[in-house]
Every structure is written in C-alpha cells, then in structure tokens.
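Undergrad: My questions all concern the structure below.
The numbers here are math on the coordinates, done by the rules we state, and not lab data. The structure presented is a predicted model; accordingly, all values stated were derived computationally and were not measured. Note that we place each Cβ from the backbone using ideal geometry, even for glycine, and neighbour counts take in every protein chain shown.
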Amino acid sequence: MAKLRMVDLFAGAGGMSLGFTRAGFQVIHSVDHWRPAVETYRANLGDHIESKAIDIDTRLPSCDLMVGGPPCQGFSSAGARKTGDDRNTLVSVFAKLIAFHRPDAFVFENVEGFITNANGKSVFELLDPLIAAGYNVHIRKVNAANFGVPQHRKRVIAIGGLGWEPPFPQSTHSAWGAPGAMARHQLPMAPTLLEAVAGLPAAQPGECVVGLDHCYPPLREMDLERAKLLLPGQSMLDLPEHLWHQSFRRRAFRRVKDGMPTEKRGGAPCGVRRLHGDAPCKAITGGAQNEFLHPTADRPLTLRECARIQTFPDDFEFHGSRADRLQLIGNAVPPLLAFVIGTELLSAMQSPITRLLGRGKLLSFMPTQSTGMSPILQRVDEAVRRKYQTRNGGLFDAALSA
C-alpha cells in the first residue's frame, strides 16, 4: 500500500514530522522560516523543508494529511499574554490553508492557553473555516504523559476529517503528579523523569558543541546555595526571602499589589524548582535550564536530558546557539505523542472511509480534563457548544470519561 503523504506547517525542529514518519506517513513537504529550525530539520529529516514565512497565499503540494502548530507565544500561559500579537492570526492562516488545499485529514497542536485566548477567539478562528469547508473535528486538551511521554505537558490537539469522522486516540498510560493527569489502574504508568534520562553518561559542565548536548551551565555562588537547599518538588517559594531572585520577588508581589488583570500575569511564579525524579517531568520549555534543577544533582538539566524528556532520540542534533537549541526542544511536539496520534489516524485513513461532503461539524470538545472550570473557560465552553451544537450524550461526554 502506498504511503499516505503529509505536509508539516510551522515544522520547527521536526517533532511532528518524526513522529508521523515513524507511524508510517511520508512527509513530502515542510515549512518553517526560523533558520535554526530549518537547519535542524534538514540535518535530521531531509531537504524537503522550505524556508519561508507562511501566509494565506502559501501554496502547498497535494497531500493526504496536513499538520501543524502555529507559533503560540501570543497566548502561552508561560508568560504575559498578548492578545494583539500578530502570531495569533497564524491560527486562522493554518485553518484557511487546510480549507483551501482540502487534505483528507489534519492535525493541529497548541498550548493549553489557546482555548481561552481572547475569550475563545482563537478556537473560532480555527473551527470556522474548517467546519465551513466540510471537516468533522475533535478538539481536546490532553496531557502528553497519558500517551507515554515522561512529561506533564498539557496541550490542545485538534483532529479533523474531510467528510468523515476521524478517531481521537485514547490514553495509553496512567500518570500522576499534576492537575489533569489521568490515573488509570489498567494502564501502564508513564515513564518518570529519571527513567527517561537513564543511561546517559555523566553530564559535563560548560558549553556544548552540536552533538549529544549533554552539558549544563554550572551553578555558582547564590544559585548554588539555592540549589543545595531545595528538595524535590520545592521551589523558590520554599527558600528564605534573602535567596529570592529580584525578578521573582517583583513578580510574586506584583500579583497581589498592582491589580494587573490575571490574563496578563502568566503562570504562578516558581523561580527555580527541584524536579521529582519518580514522576513525569514538568513541561519542558525554552526556559527549562533556568527554571529546573535535576532531581538529585545540584545542576540544571542538560539539553540532551530535555530532549530525552521530549522523546527525541539521542542521535537527533539541534542546531543554533544554546538558547536556540533549547527553544527548539521546548517548542517541539514530542515525537512519541505525534507517533501515537499518527498511528491511530493512519489506520483509520487506510480503512474504507464513507464520506458525506457538505458542512462539517464539531465531533467533540474537551477544554479540560479537570472536574471544574475557571469562569473564562466555562464561558468559552458554553460559547463553543452554543455555536457548534456539540452533541450531548455523544462523543463530548465520552471524551470527558475517556
């Protein structure tokens, strides 16, 4: 059977391409315009990546599947939200490109803050063009740990089929240690942080050359003093105030004194945190080396440890400066998560499909895995249900109990 052809937009380091390739798809074209990403992709996955910015006029080859994760900085909860950020409009560009090119299926990935950004505006920017074009869509928040990734990485995944109803993969692993993680006694436990990094040689202090990247910036003076006092699970809040970073002190007090709207404050400050070794890691981001301490050693994680936690193989080389390489790792879709999604989707796409072309529909919407919702999330949930008439008692409820 001929391989199904895939196009990867906003490809980054290539986590989606790597995972879907392993699942059995053939990536025929990828696009990204950040030089370190393009160099990294070419070094590991091939020359089929095109270096250019993506806009509504981008023309792409015919394919069976289109995937992508438009840049998320405009609505990431890791920092201040910028609802006017131009990058937010790339969600609309992504959706309109799919609607124009009409592949049989698509997969979209983004940060959890995508759902509540601008009171749900981004959700509508994604769904409106796709449903109008005839796509039947699932959109759900997942924790990557429940798919075997050694990391509590909450992300929004949308999967759509043109005139047919694609499956949404079920959890493969049980996980604990973070809000929204699903503990299932019948499933194997997600790998822990220490299991993920086991077998690496001793980490080296200092700068790395491109390659294994198993080195770290050594801690000195007050940073080392902080590290020696922190136990697994503890953060800067557990330290004496004289050891707080000045930036952490300002941020901690800003949250209660200046009246800044909560949507602009970002996540709760932790400054620096000692990780648990016997649970999945916290989400790896571009700031991981500044934020996380190794569970047992008084040092940051190395770039290779971060890549392992993201499920990249050890022979995968990241290009650019150290900051670039860490950003590439932190921004990537874990290849294992992409593999699980791709395997399920490939099986469905290779089976006989009954198509009913016309206006599409929202098959399921799961904006949280928790039992409660924040006021803004509840408003978005109600608006989505009202606009797209998600079926009660059908896939939506099944998603909540899956």
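Undergrad: Tell me, what ³J(HN,Hα) does each residue in segment 157-172 have, in order and in whole Hz, if you take phi through Karplus 6.51 cos²θ - 1.76 cosθ + 1.60 with θ = phi - 60° and put x for Gly and Pro?
TA: Whole-Hz 3J(HN,Hα) from phi for segment 157-172: 10, 10, 10, x, x, 7, x, 9, 9, x, x, 10, x, 7, 4, 9.
Undergrad: Taking amide hydrogens as modeled 1.01 Å from N in the peptide plane, which residues meet the under 5 Å criterion relative to His319, leaving out close sequence neighbours?
TA: Result for His319 returns Thr40.
Undergrad: Here's another thing I want to ask about it. Say the dipole of the chain comes from +1 at the beta carbon of Lys and Arg and -1 at that of Asp and Glu; which of Leu239, Ala227, Phe147 then lies farthest toward its positive end?
TA: Leu239
Undergrad: Further, regarding this structure: For helix 90-101, report the angle its Cα long axis makes with the longest principal axis of the Cα atoms of the chain; keep it between 0 and 90° and round to the nearest 10°.
TA: 30 degrees
Undergrad: Considering amide H positions built from the backbone, and no H for Pro or chain starts, which residues 5 or more places from Gln234, or on another chain, come under 5 Å of its amide H?
TA: Amide H neighbours of Gln234, under 5 Å, 5+ apart: Arg274.
Undergrad: Hey, another quick one. Roughly how tilted is helix 35-45, in degrees to the nearest 10 and between 0 and 90, from the longest Cα axis of the chain?
TA: 70 degrees
Undergrad: Would you please give the FRET efficiency between Glu195 and Lys52, computed as 1/(1 + (r/R0)^6) with r the Cβ-Cβ distance and R0 = 30 Å, to the nearest 0.05? Kindly include the intermediate steps, with their values, before the conclusion.
TA: On the way: r = 40 Å, r/R0 = 1.33.
According to the calculation, E is roughly 0.15.
Undergrad: Extending each Cα 7 Å along its Cβ direction at Arg42 and Thr354, get the distance between those two points in nm, one decimal.
TA: Modelled inter-label distance: 4.8 nm.
Undergrad: Please give the residues of segment 282-324, grouped as numeric ranges, whose backbone N is less than 19 Å from a label point set 7 Å along the Cα-to-Cβ vector of Arg220.
TA: The answer is 289-291, 298-301, 322-323.
Undergrad: Expressed as a rounded percentage, what relative contact order does the chain have, with Cα pairs under 8 Å and six or more residues apart? Could the numbers behind the result be given before it?
TA: Numbers: 833 pairs, mean separation 84.3, N = 402.
Taking the mean separation of contacting Cα pairs over the length of the chain, I get 21 percent.
Undergrad: Residues with amide H under 5 Å of Lys154's amide H, sequence separation 5 or more or different chain, H placed in the peptide plane at 1.01 Å from N; which?
TA: Those lying under 5 Å, H to H, from Lys154 are Ala144.
Undergrad: What list of ³J(HN,Hα) couplings, whole Hz, do you get for segment 367-376 from phi and the Karplus terms 6.51, -1.76, 1.60, once you set θ to phi - 60° and write x for glycine and proline?
TA: x, 7, 9, 8, 7, x, 10, 5, x, 5
Undergrad: I would also like to ask the following. Taking square-rooted eigenvalues a ≥ b ≥ c of the alpha carbon gyration tensor, is the chain rounded, prolate or oblate, where a/c under 1.5 means rounded and, failing that, a/b exceeding b/c means prolate? Working shown, then result.
TA: On the way: a/c = 1.70, a/b = 1.38, b/c = 1.23.
Taking the square roots of the gyration eigenvalues as a ≥ b ≥ c, the chain is prolate.
Undergrad: Right, something else. How long is the gain from Arg22 to Gln186 if the chain were fully straight, where each residue apart is worth 0.36 nm and the alpha carbon distance is subtracted?
TA: On the way: separation 164, 0.36 × 164 = 59.04 nm, distance 2.62 nm.
Contour length minus the Cα-Cα distance gives 56.4 nm.
Undergrad: Considering only the other residues whose Cβ falls under 9 Å of the Cβ of Gly68, what net charge follows from Lys and Arg at +1 and Asp and Glu at -1? The partial results should precede the final answer.
TA: Working: positive: none; negative: Asp8, Glu109.
Combined, the nearby Lys, Arg, Asp and Glu give -2.
Undergrad: What are the ³J(HN,Hα) values, in whole Hz, obtained from phi via the Karplus relation 6.51 cos²θ - 1.76 cosθ + 1.60 with θ = phi - 60°, for each residue of segment 189-199 in sequence order, with x given for Gly and Pro?
TA: My calculation for segment 189-199 gives 6, 4, x, 8, 4, 5, 5, 5, 9, 4, x Hz in order.
Undergrad: I would also like to ask the following. Taking the Cα centre of the chain as origin and charging only Cβ (+1 Lys, Arg; -1 Asp, Glu), how large is the dipole, in debye to the nearest 20?
TA: On the way: 46 positive and 38 negative charges, 233 e Å.
Here the size comes out at about 1120 debye.
Undergrad: So what's the angle, to the nearest 10 degrees on a 0 to 90 scale, between helix 246-257 and the longest Cα principal axis of the chain?
TA: Helix 246-257 and the main axis of the chain meet at about 60 degrees.
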